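Notes follow once the structure below has been shown.
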Amino acid sequence: MFTKYFNYLSFLLKSTNQHGVHSPFIYQFVTKGLYKKTKSLPVLNSDTRLDKLPKKERKIVAKILSYFNIDTIYYNTLEKEETITKELILVYLEHVKNWNTTYLNTKHIILIKGIHDATENNKSWKKIICQTENIVTVDLFYFGIIFFRPKQAKEHFIIRI
């Protein structure tokens, strides 16, 4: 429990808003996706796994799905036959340890829950940030987001929402 509070304090000290983002792709995502005001909580494709999330986390996931017009969500796995698609796919991982890049490409957005919940999760998240090429990562404290962007330099953003 203490680890999560310490991680949140550290997150607040390091995080920035849209003015600290120097990537046009992430700037658009933050300003038009994450910071977009909504009057009501959007429906999450009536999926019970996402409905069990706390309100703030459901709102974040709904904004991500809405901004990228994502209809397909895979949970904790992705098979080879699911990688050939023209639409964006959200791969929702409940734990950082489920991380596997074998079948992933630019049509996949990886959303990892609980990257700061435990010391082990935090270490695994930092390992992903340091070792993986061709990715742009966003730390939202509640979730880590990974975008595969081969034409963009490897970057990591810590965004306060």
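For residue 86, the requirement of being modelled with pLDDT of 75 or more and not in a strand (DSSP E or B) is not met. Restricting attention to region 102-133, the residues that are touching a residue at least 40 places away in the same chain (Cβ under 8 Å), of a type in the set (S, T, N, Q) and in contact with a helix residue (DSSP H, G or I) (Cβ under 8 Å, 6 or more places away or on another chain) add up to 2. Looking across region 1-35, the residues that are farther than 10 Å from residue 159 by Cβ and in contact with a helix residue (DSSP H, G or I) (Cβ under 8 Å, 6 or more places away or on another chain) come down to 3, 7, 27, 31, 32, 33.
Report whether or not residue 147 is assigned to a strand (DSSP E or B), surrounded by 15 or more Cβ atoms within 10 Å (Cβ to Cβ), touching a residue at least 40 places away in the same chain (Cβ under 8 Å) and among the hydrophobic types (A, V, I, L, M, F, W, C). Yes: the conditions hold for residue 147.
If you go through region 1-29 and pick out every residue that is in a loop (DSSP other than H, G, I, E, B) and surrounded by fewer than 15 Cβ atoms within 10 Å (Cβ to Cβ), you end up with 3. Out of curiosity, is residue 60 surrounded by 13 or more Cβ atoms within 10 Å (Cβ to Cβ), under 24 Å from residue 153 (Cβ atoms), under 13 Å from the mean Cα position of the chain (by Cα) and modelled with pLDDT of 70 or more? Judged against the criteria, residue 60 is not a match. Report whether or not residue 129 is at pLDDT 85 or above and open to solvent by less than 10 Å² (accessible area, probe 1.4 Å). Judged against the criteria, residue 129 is not a match.
The values are calculated or read from the model by the stated rules, or taken from the named source; none is laboratory data. Remember, it's a predicted structure, so these values are computed and weren't measured experimentally. Reconstructed Cβ throughout: ideal geometry from the backbone, glycine too, with neighbour counts over all protein chains shown. Keep in mind that these areas ignore ligands, DNA and RNA; they rest on the heavy atoms of the full protein, side chains included. Shrake-Rupley method; radii C 1.70, N 1.55, O 1.52, S 1.80 Å.
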